[in-house]
Amino acid sequence: MSRPETTAPPEVFYNDLESKKYTSSSRIQHIQAEMTLRALDLLTLEPHQHILDIGCGSGLSGEILSQEGDHVWVGMDISPSMLAVALDRDVAGDLLLADMGNGIPFRAGTFDAVISISAIQWLCNADTNTADPKKRLARFFDSLYAALRRGGKVACQFYPRDERQIEQILGAAKASGFAGGLVIDDEENKKNKKYYLILTAGNVTTNDINLKGIKIEKQPRRTAKKNKREETTKEYINRKKELMRKRGRLVALDSHFTGRKRRPKF
Amino acid sequence: MKLLTANFVQCSVKACSATPKCFPLHFDQQTADVPLELAHEDVDFSPEFVYNMLPRIDWPALTTTARELGNNMLPETKPEIENPNAPEHEQLLRDLHTLLLETQIIQGSMRCENCGHIYFIRDSIPNFLLPGHLVQ
Ligand SMILES: C[S@@+](CC[C@H](N)C(=O)[O-])C[C@H]1O[C@@H](n2cnc3c(N)ncnc32)[C@H](O)[C@@H]1O
Ligand SMILES: [Zn+2]
């Protein structure tokens, strides 16, 4: 897979030419629409919601929000060229030129839900020698949490470069107070494998998110498997948490998610 | 940018977002090179959406923004609506829809009361990118 984020900063990569090429490709239109529909499917929103689309680009993801459920959306993106294409296409959403790494510039409780399609992996890059990905991720998730109403939900489809990046993103989301986890579609298919970060900002019962037929990234089993009778309380809780996850519930993010082999699917 | 969005954006500077002065951003000082320009744009009317958003609207901020944009007609207190489908509320919901969703700020500038940073709006897109010295 090509990784534009390793070649240039986003506002440089998505220049006028690339933004037009990107938006007019029917293959890209199709993939982005499909992933946005999947993100909405995971969020199970009521109609008429106020939604933020982070890294909205030319509006390929946002326009699905207008079509499905009559939502009103606001898009933010760092690339003026992408936003110019969105204006040309006359998308319904309000547009903002902004860098998500500097925070979400909205007051507390603004949005019912947030989606981001193929964008947040850019946060893990240091495009200038002063940009610290760790600080940018923290600012991003802190301000995102605040901008959501309590009970608000987030779905970010992203392209992690490696396990470390997944861990970095999940860790930052957890540190900001989010609950949730990772949904992986088409895991066996290396080329089509898709990652969705699904988060909730307080007060959400597990039924509020559609977990049918999906799997949540879970803490791998300890290597030295202990006998049930010997286990400590902590191990018992972890085992129960594991069981809950297996049954497709959302539980609080664990701190040591990744870097180890994932267990087979259920 | 819709008036609805203007009722939610706040200063992007980290130190400001911790103070109450980061919201609302103010339209009271405009510059000659980006003069204030408003426009009406038709948007499909959804009474349910307006009804859903009404509790979240900061009414004092909305009246301030409207006044700075030259509209002194808003009532002092937020109207109350119990049922979005009640016929007696339809006109009120339509008026709110026109104000919040169909009033576009095409260009102009917004000022943070705390740090003084000016956010310019051009082609209806506000620029929230921060100059290096304001990134923390
Ligand atoms: C692959 S495009 C996806 C656009 C749109 N979501 C879609 O589905 O077509 C990724 C977008 O993320 C934007 N982006 C990258 N880094 C960003 C940042 N720091 N802040 C805001 N947007 C960013 C890029 O400018 C680009 O438009
Ligand atoms: Zn400020």
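Looking at A:A98, A:A119, A:A147, just one residue is under 13 Å from the mean Cα position of the chain (by Cα) and at pLDDT 95 or above, and that residue is A:A119.
Take the range B:114-136 and flag every residue that is more than 8 Å from chain A (Cβ to nearest Cβ), within 15 Å of the chain's Cα centre (by Cα) and either over 13 Å from B:V9 (Cβ atoms) or more than 14 Å from ligand 2 (Cβ to nearest atom) (or both). Matches in the range B:114-136: B:F120, B:I121. Summed over the range A:143-176, residues that are outside any helix (DSSP H, G or I) and open to solvent by 40 Å² or more (accessible area, probe 1.4 Å) total 5. Evaluated against (1) surrounded by 14 or more Cβ atoms within 10 Å (Cβ to Cβ); (2) within 14 Å of chain A (Cβ to nearest Cβ), B:L74 falls short on exactly one condition, (2).
Just so you know, in the range A:45-63 the residues that are within 13 Å of another protein chain (Cβ to nearest Cβ) and more than 9 Å from ligand 1 (Cβ to nearest atom) include one that is nearest to A:P80 (Cα to Cα), and it is A:L52. Of the residues contained in the range B:24-36, one or more are found to be of a type in the set (A, V, I, L, M, F, W, C) and facing another protein chain (nearest Cβ under 10 Å). The combined condition, being within 10 Å of ligand 1 (Cβ to nearest atom), of a type in the set (S, T, Y), more than 17 Å from the chain's Cα centre (by Cα) and within 14 Å of chain B (Cβ to nearest Cβ), is not fulfilled by A:S66.
Quick check: is even one residue across the range A:33-44 assigned to a loop (DSSP other than H, G, I, E, B) and either among the aromatic types (F, W, Y) or more than 10 Å from ligand 1 (Cβ to nearest atom) (or both)? Before the answer, list the steps.
Quick first cut of the range A:33-44, residues assigned to a loop (DSSP other than H, G, I, E, B) only: A:44.
With either among the aromatic types (F, W, Y) or more than 10 Å from ligand 1 (Cβ to nearest atom) (or both) added as a condition, the list becomes A:44.
Yes: one or more hits.
Checking each residue in the range A:177-188 for being surrounded by 16 or more Cβ atoms within 10 Å (Cβ to Cβ) and either among the small types (G, A, S) or not assigned by TED's automatic domain parsing to the domain that holds A:A33 (or both) picks out A:A179, A:G180, A:G181.
Could you pull out the residue among B:L96, B:L92, B:L62, B:L54 that is part of a helix (DSSP H, G or I) and touching a Lys or Arg at 6+ places or on another chain (Cβ under 8 Å)? First the steps, then the outcome.
Numbers: B:L96 fails: touching a Lys or Arg at 6+ places or on another chain (Cβ under 8 Å); B:L92 fails: touching a Lys or Arg at 6+ places or on another chain (Cβ under 8 Å); B:L62 fails: touching a Lys or Arg at 6+ places or on another chain (Cβ under 8 Å).
Selected residue: B:L54, the only one of B:L96, B:L92, B:L62, B:L54 that is part of a helix (DSSP H, G or I) and touching a Lys or Arg at 6+ places or on another chain (Cβ under 8 Å).
Considering only residues that are closer than 18 Å to A:L52 by Cα and part of a helix (DSSP H, G or I), which ones fall in the range B:1-47? Once the filter is applied, which keeps residues that are closer than 18 Å to A:L52 by Cα and part of a helix (DSSP H, G or I), the range B:1-47 yields B:L3, B:L4, B:T5, B:A6. Looking only at the range B:1-23, residues that are polar (S, T, N, Q), under 19 Å from B:T64 (Cα atoms), within 14 Å of ligand 2 (Cβ to nearest atom) and facing another protein chain (nearest Cβ under 9 Å) come to 1 in all. Filtering A:I184, A:I169 for residues that are out of contact with any His (no Cβ under 6 Å at 6 or more places or on another chain), closer than 20 Å to A:R136 by Cα and among the aliphatic types (A, V, I, L, M) leaves a single hit, A:I169. The set of residues in the range B:102-113 that are open to solvent by less than 40 Å² (accessible area, probe 1.4 Å) and either away from ligand 2 (no atom under 16 Å from the Cβ) or hydroxyl-bearing (S, T, Y) (or both) comprises B:E102, B:T103, B:Q104, B:I105, B:I106, B:G108, B:S109.
Residues that are open to solvent by less than 20 Å² (accessible area, probe 1.4 Å), free of Cβ contacts under 8 Å to residues at least 24 places away in the same chain and not basic (K, R): find the strands (runs of 3 or more DSSP E) completely inside the range A:61-138 holding 1 or more of those. Write out each step before concluding.
Working: elements: A:72-77, A:94-97, A:111-117.
The strands (runs of 3 or more DSSP E) meeting that bar are A:72-77, A:94-97.
Can B:M110 be described as under 23 Å from A:G69 (Cβ atoms) and either touching a residue at least 24 places away in the same chain (Cβ under 8 Å) or among the aliphatic types (A, V, I, L, M) (or both)? Considered against the rule, which asks whether it is under 23 Å from A:G69 (Cβ atoms) and either touching a residue at least 24 places away in the same chain (Cβ under 8 Å) or among the aliphatic types (A, V, I, L, M) (or both), B:M110 comes out as no. In the range B:82-96, the count of residues that are in contact (Cβ under 8 Å) with a residue 40 or more places away in the chain and within 23 Å of A:A108 (Cβ to Cβ) is one or more.
The values are calculated or read from the model by the stated rules, or taken from the named source; none is laboratory data. Given the structure is predicted, the values throughout are model-derived calculations rather than measurements. Don't worry about glycine lacking a Cβ; one is built from the backbone with ideal geometry, like all the others, and counts go over all protein chains shown. Remember, those area values only see protein heavy atoms, side chains included, never the ligands or the DNA or RNA. Shrake-Rupley method; radii C 1.70, N 1.55, O 1.52, S 1.80 Å.
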